[in-house]
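Here is the structure we will look at.
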Amino acid sequence: MKKINAQQLKQLIEATIFVSDEPVSIEKLKNTVLADFTVADKAIKSALDELMLDYRPRGIQLVEVASGFRFQSLDSLSPWLSRLWQETSPRYSRAMLETLALIAYRQPITRGEIEQVRGVAVSSNIIKTLTEREWIKVVGHKEVPGRPALYATTKQFLDYFSLKSLSDLPNADAFMQSLEDVADASLNVLSDSDQTEPLH
């Protein structure tokens, strides 16, 4: 096994995270770019801490999310950076965001339980969209008649909202307010399939 000095380690970790199209965990670093080197976890964490400090005053930050470490731009710069892309960013209905919030805070939860709280039927399109985005998944079935699916959030959900774990979620009111801000900003007209119908 080869040795690598602290500066080289830091450069290799920085370059790896920079070129990766998804968050990079310490385990992934050890199994890929550092596989030929003898490096302690402590040295890897130290290099990551230094990189976080290096980038703190810049427009790009090194952040830790559920799946590992990634570079991302400062949120405050997004109004200007968004002009780089012509396509409209995805817009989500309030019904979808409320459903996502209930799953995030009350998981594991069934579709029926979500409907009880919201007082309206949950469109199949909402569950499908959240599943396709890999923000939620089925984690089991409730032991009641019909054995309904139990839904929970995923690592991709945590990554999207820049969270390391569910314990980093803000209080429910603050999270709902941020989701409502997203819904209010939506310019898209909801499709019929995304509307909700009152429960009978």
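A few notes on this one:
- By the combined test of axial Cα extent (at least 27 Å) and Kyte-Doolittle hydropathy (mean at least 1.0), none of the DSSP H helices of the chain qualifies.
- Pairs of Cα atoms farther than 18 Å apart, the range 1-117, %: 65 percent
- Within the listed set Arg83, Arg133, Arg58, the Gaussian network model of the chain (springs between alpha-carbon atoms below 10 Å) gives the highest mean-square fluctuation for Arg83.
- Approximate spin-label separation Asp168-Thr16, in nm, with each point projected 7 Å along Cα-to-Cβ: 1.9 nm
- The simple spin-label model puts a point 7 Å past each Cα toward its Cβ; for Tyr105 and Leu53 those points are separated by 3.8 nm.
- Net +/- balance of residues flanking Ser20 in space, Cβ distance below 10 Å, scoring K and R +1, D and E -1: 0
- Sites Glu134 and Lys3, calculated FRET efficiency, Cβ-Cβ separation with R0 45 Å, nearest 0.05: 0.70
- Dipole magnitude for the chain: computed about the Cα centre from +1 point charges on Lys and Arg Cβ and -1 point charges on Asp and Glu Cβ, it is near 640 debye.
- Most positive-pole-ward Cα, Ser78, Val39, Leu158, against dipole of the chain from beta carbon charges: Val39
- [x] 158; [y] 103; [z] 147, with the label sought being that of the calculated volume of the Cα convex hull per residue in Å³: [x]
- Inter-label distance, Trp85 to Arg118: 2.4 nm, where each label sits 7 Å from its Cα along the C-beta direction.
- Carbon + sulfur, % of accessible area of the chain - ligands and nucleic acids excluded, 1.4 Å: 53 percent
- Heavy-atom accessible surface of the chain, averaged per residue, reaches 62 Å², computed with a 1.4 Å probe.
- Helical mean residue ellipticity (222 nm; -39500 (n - 2.57) per DSSP H run of 4+; nearest 500) of the chain: -13000 deg cm²/dmol
- The range 75-147 and the range 1-39: distance between their alpha carbon centers, rounded to Å: 35 Å
The values are calculated or read from the model by the stated rules, or taken from the named source; none is laboratory data. Computed from a prediction, not measured in an experiment: that's the story for all the values here. Every residue, glycine among them, receives a Cβ derived from its backbone with ideal geometry; neighbour counts consider all protein chains shown. Just so you know, the surface numbers come from the protein's heavy atoms only, side chains and all, with ligands and any DNA or RNA stripped out. Shrake-Rupley method; radii C 1.70, N 1.55, O 1.52, S 1.80 Å.
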